[in-house]
Amino acid sequence: MRIVIGGAYNGKRNFVAKTLRHRNQKNVYQYEGEIPKASFTKDDIVIIGSLENVIIKSDNLDEDDIAKQIFDELKELDVQTNLICICTDIGRGIVPLEKNERKLRDACGRLYQRLFSESSEIVRVWYGIPQYIKGEKWDYE
C-alpha cells in the first residue's frame, strides 16, 4: 500500500498521475470517496481519494470503529491489487466547533495512523513538491 498525503489542492493527484505516466502504467482505476467492491489483480493499480467522504458515510459508528472498518476494507483490497490512497490532511489548524466536524477530523486521524503504520511508502505532497516520509523514492520525472 502506498499513501500520498497533503493539504487540499496541493498536487497529490498530479503527483500520482505523473508517477504512473512516467512508468507507462496501464490498468489504473481511480475512485473518489468510495472503496470499490470489484475484484482486481496485482497487475492493476487502484487509487482511492477523498477518504474523508468514505468516513462521512459511516458516521453512525464511533471514531475507532470507523477507522477499523475502513482500514480493514482497504487492507483487504491491498492484498489483491496495488493500492494507492490519496489522503487529505485535515488534522492541522483550528479544531472545529461542530461535533460532526470534530468526529470527522478524529476519525481521519485514527484511520491515517493505521494506514501509515501498514503502508510501505508514504509521500507528503506540499504545493506540488513530494517529500518522501517512508519507503523508497517513487519514480518521478
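Being hydrophobic (A, V, I, L, M, F, W, C), closer than 27 Å to Tyr127 by Cβ and in contact with a Lys or Arg (Cβ under 6 Å, 6 or more places away or on another chain) holds for only one residue in Ile94, Ile84, and it is Ile84.
Checked against (1) part of a helix (DSSP H, G or I); (2) touching a strand residue (DSSP E or B) at 6+ places or on another chain (Cβ under 9 Å); (3) surrounded by fewer than 17 Cβ atoms within 10 Å (Cβ to Cβ), Leu115 meets all criteria but (3).
State yes or no: is Glu76 at pLDDT 95 or above, loosely packed, with under 15 Cβ neighbours inside 10 Å, farther than 19 Å from Ile122 by Cβ and of a type outside the set (Ser, Thr, Tyr)? Yes.
For the subset of region 1-33 comprising residues that are among the hydroxyl-bearing types (Ser, Thr, Tyr) and touching a residue at least 12 places away in the same chain (Cβ under 8 Å), which member is surrounded by the most Cβ atoms within 10 Å (Cβ to Cβ)?
Taking region 1-33 and keeping what is among the hydroxyl-bearing types (Ser, Thr, Tyr), we get 9, 19, 29, 31.
If we keep only those that are touching a residue at least 12 places away in the same chain (Cβ under 8 Å) as well, we get 19, 29, 31.
Details: Thr19: 19, Tyr29: 13, Tyr31: 14.
Step by step, filter region 1-33, then rank; the result is Thr19.
Can you tell me which residue within region 118-141, out of those that are of a type in the set (D, E, K, R) and either in contact (Cβ under 8 Å) with a residue 60 or more places away in the chain or closer than 21 Å to Val79 by Cβ (or both), is surrounded by the most Cβ atoms within 10 Å (Cβ to Cβ)?
Restricting attention to region 118-141, the residues satisfying the condition of being of a type in the set (D, E, K, R) are 118, 121, 124, 134, 136-137, 139, 141.
Filter again for either in contact (Cβ under 8 Å) with a residue 60 or more places away in the chain or closer than 21 Å to Val79 by Cβ (or both), leaving 118, 121, 124, 134, 136, 139, 141.
Details: Glu118: 13, Glu121: 16, Arg124: 19, Lys134: 14, Glu136: 9, Asp139: 10, Glu141: 6.
Here the residue is Arg124.
Conditions tested, residue by residue: (1) of a type in the set (Asp, Glu); (2) out of contact with any strand residue (DSSP E or B) (no Cβ under 6 Å at 6 or more places or on another chain); (3) assigned to a strand (DSSP E or B).
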| position | (1), (2), (3) |
| --- | --- |
| Lys75 | no, yes, no |
| Leu83 | no, no, yes |
| Cys87 | no, no, yes |
| Asp106 | yes, yes, no |
| Val125 | no, no, yes |
| Gln131 | no, no, yes |
| Trp138 | no, yes, no |
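When region 4-40 is filtered for residues that are in a strand (DSSP E or B) and aliphatic (A, V, I, L, M), the ones remaining, listed by number, are Val4, Ile5, Val28.
Each residue in region 41-61 was checked for being at pLDDT 90 or above, in a loop (DSSP other than H, G, I, E, B) and open to solvent by 30 Å² or more (accessible area, probe 1.4 Å), and 3 pass.
The values are calculated or read from the model by the stated rules, or taken from the named source; none is laboratory data. For clarity, every value in this text was computed on a predicted model and none was experimentally measured. Quick reminder, even Gly has a Cβ in these numbers, built from the backbone with ideal geometry, and neighbours come from all protein chains shown. Quick note on the areas: whole protein, heavy atoms, side chains included, nothing else; ligands and nucleic acids left out. Shrake-Rupley method; radii C 1.70, N 1.55, O 1.52, S 1.80 Å.
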